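Chemist: This is the structure I want to talk about, given as structure tokens.
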2 protein chains.
Amino acid sequence: MSNLANRIEEYLKMVLQQADEGYIVLQRGFLANFFSCAPSQINYVLTTRFSAERGYLVESRRGGGGYLRIVRLGLDPEGKFQRLMAELIGEELSPERANNLLTRLEEEEIFTKRETILIRSIFTSKVLAETSSAPDILRARMMKEILANMCREDVNI
Amino acid sequence: MSNLANRIEEYLKMVLQQADEGYIVLQRGFLANFFSCAPSQINYVLTTRFSAERGYLVESRRGGGGYLRIVRLGLDPEGKFQRLMAELIGEELSPERANNLLTRLEEEEIFTKRETILIRSIFTSKVLAETSSAPDILRARMMKEILANMCREDVNI
DNA sequence: GACATTGTGACCATTATTGACCTTTGTTAT
DNA sequence: ATAACAAAGGTCAATAATGGTCACAATGTC
């Protein structure tokens, strides 16, 4: 399980941890060199591991003095949570996107580890695919339903 | 009675014995090579010997850095889970029965309050009825999937 | 011989890695 | 100014590295 992509991911998250502004700025070339890999490998890691679903934003700039900026997006407490989630989920939710989302919700401590395992066990099993003709839609609706019922004052973690 | 499947089974259980996290992670290719057999033979062993009914859970990932993770399920004291799972095989689970079951499991502290709310929010919502042609069967299978996963030794309540 | 279990191989699906080629931005020589 | 060049980052398709499925062959069991 310790492939390059995972190691780069870990490294970036480690650096991000220690950054107190909530973001880091670095160069693709430096990273590629550091990990002795193709520069495009960095893009692969960014798109697969630092997506919006997982709670990250990546900005970049080309040319001389170019850079990558990786921003960790917190879930704001201003009550926009439900809307943000609804937007992120949409009408359909593939197993992969669901996974990303759950990874983030666990990291943000919206759900416990057990709860994410519980949800994943339903979402990723063959059960849905075998029983439903539109598993992605079902998944999206269930996820929204869960969030609506769990993120209330009377249901504390 | 020492055929290949049995030897692979024994080997895996032996390794699993010594793992104190309650699970092991390894590669299918490695195993197939180790036992000089077709890779698909490993899948055969996993499905016939490491099913949820027998107290195991298998997760996997494809692609570079792919792996198999075999999780040992702890047996709860009175084998409640096992009996429940057996009951739910090929069964249907109406909203009412699901409700009663969840109330009981919460009282017995198998699930937390939040967890039952979570499960109920999926089971009792209109989502299932609207999207599936056989909601009771779907409910039963989901419940079974959940129960199996909640026995994982690496996830404490 | 009939039936169940085990074993294999061909083909498929998913994830990771690389390299060739492209775009944008900055610097320098004229 | 501007043309050339240097110094970034971006895209995409090919390939490699995994694991999954399924039909069928081989072997056991009664």
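The values are calculated or read from the model by the stated rules, or taken from the named source; none is laboratory data. None of these values were measured; they are calculated from a predicted model. In this analysis, Cβ positions are derived from the backbone assuming ideal geometry, glycine residues included, and neighbour counts consider all displayed protein chains. We work out accessible area using only protein heavy atoms, side chains counted, and drop any ligands, DNA or RNA first. Shrake-Rupley method; radii C 1.70, N 1.55, O 1.52, S 1.80 Å.
Chemist: Here are the criteria: (1) of a type in the set (A, V, I, L, M); (2) outside the structural domain of A:SER133 (by TED's automatic domain parsing); (3) within 15 Å of DNA strand C (Cβ to nearest atom). Tell me which single one A:LEU26 does not satisfy.
Modeler: The one condition A:LEU26 does not meet is (3).
Chemist: How do the helices (runs of 4 or more DSSP H) wholly within region A:58-130 filter down when requiring 3 or more residues that are at pLDDT 95 or above: which remain?
Modeler: Here the list reads A:95-107, A:113-123.
Chemist: Just one of B:MET14, B:MET1 is without any contact (Cβ under 8 Å) to a residue 24 or more places away in the chain, away from DNA strand C (no atom under 11 Å from the Cβ) and more than 14 Å from chain A (Cβ to nearest Cβ); which is it?
Modeler: B:MET14
Chemist: Could you pull out the residue among B:GLU96, B:GLU106 that is closer than 17 Å to B:CYS151 by Cβ and over 19 Å from the mean Cα position of the chain (by Cα)?
Modeler: Only one candidate qualifies: B:GLU106.
Chemist: Considering every residue within region A:56-72, establish whether at least one is open to solvent by 80 Å² or more (accessible area, probe 1.4 Å) and more than 16 Å from DNA strand D (Cβ to nearest atom).
Modeler: no
Chemist: Restrict the check to region B:80-96 and report whether at least one residue is surrounded by 14 or more Cβ atoms within 10 Å (Cβ to Cβ), touching an Asp or Glu at 6+ places or on another chain (Cβ under 9 Å), of a type in the set (Asp, Glu) and without any contact (Cβ under 8 Å) to a residue 24 or more places away in the chain.
Modeler: no
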